[in-house]
Amino acid sequence: MTDVSEYLTDLFVTAVEAMGYELVGVEYLSHGRSGGGVLRIYIDSPDGITLDDCSRVSHQVSGILDVEDPIKENYSLEVSSPGLDRPLFGRRDFVRFTGSQVTLKLRTKISGRRRFKGELQGIEEDDVLLAVDNEVFRLPLDQIDKAKLVPEF
């Protein structure tokens, strides 16, 4: 997770949880000089997420963004459920979904590769343990660029 995403998560978490939702995570994708970034907020609840839920959270978060003004460039706000291929945002997600199939993309290569797909074995210290083809890889949590669940049907 980037520093901007962590800051935005901290900014929104209290308001979103007070509304009865879980703030799964926040992604901010800047398009640099061309402008038009995307602020993506993922929410969940035990009953699932409806379009009305997304609308309510969007309205609440828009108010926070108007007051705090943390993003100086133009951007679009998207609020959605995490979906079947739920993104994993941090330590708590890697613990929560131990035993699940995941895909990971790293910032730098480890064992000659940046992309991994396997069974999440949990976390030890600051490493995510991932079983891939009968081999367990120790992947530093701070080197994970993106991670998500692999949908099971």
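The values are calculated or read from the model by the stated rules, or taken from the named source; none is laboratory data. Fair warning: this is a prediction, and the values are worked out from it, not measured in the lab. Please note: Cβ atoms are built from the backbone with ideal geometry, for glycine as well, and neighbour counts cover all protein chains shown.
With respect to Gly25, determine if the residue is surrounded by 16 or more Cβ atoms within 10 Å (Cβ to Cβ), within 22 Å of Leu141 (Cα to Cα), small (Gly, Ala, Ser) and not assigned by TED's automatic domain parsing to the domain that holds Leu129.
For Gly25, the condition - surrounded by 16 or more Cβ atoms within 10 Å (Cβ to Cβ), within 22 Å of Leu141 (Cα to Cα), small (Gly, Ala, Ser) and not assigned by TED's automatic domain parsing to the domain that holds Leu129 - is met.
How do the strands (runs of 3 or more DSSP E) wholly within the stretch 98-153 filter down when requiring 3 or more residues that are within 19 Å of Val26 (Cα to Cα) and either free of Cβ contacts under 8 Å to residues at least 60 places away in the same chain or acidic (Asp, Glu) (or both): which remain? Full working, then the answer.
Numbers: elements: 101-110, 113-124, 127-132, 135-140, 144-149.
Because the criterion is at least 3 residues that are within 19 Å of Val26 (Cα to Cα) and either free of Cβ contacts under 8 Å to residues at least 60 places away in the same chain or acidic (Asp, Glu) (or both), the strands (runs of 3 or more DSSP E) in the stretch 98-153 that meet it are 101-110, 144-149.
For the stretch 32-87, a residue qualifies if it is at pLDDT 95 or above, of a type in the set (A, V, I, L, M, F, W, C) and assigned to a loop (DSSP other than H, G, I, E, B), and exactly one does: Ile49.
Just one of the listed residues (Gly83, Gly90, Gly118) is in contact with a strand residue (DSSP E or B) (Cβ under 9 Å, 6 or more places away or on another chain) and closer than 20 Å to Gly48 by Cα, and it is Gly83. Pairing residues of the stretch 11-29 that are over 19 Å from Asp47 (Cβ atoms) with residues that are among the basic types (Lys, Arg) and surrounded by 15 or more Cβ atoms within 10 Å (Cβ to Cβ), at Cβ distances under 8 Å and at least 6 apart in sequence or on separate chains, gives Val26/Arg40; Glu27/Arg40; Tyr28/Arg40; Leu29/Arg40.
Evaluate the stretch 123-146: report whether one residue or more is under 30 Å from Ser55 (Cβ atoms) and either surrounded by 15 or more Cβ atoms within 10 Å (Cβ to Cβ) or of a type in the set (Lys, Arg) (or both). Yes, the conditions are met somewhere in the stretch 123-146.
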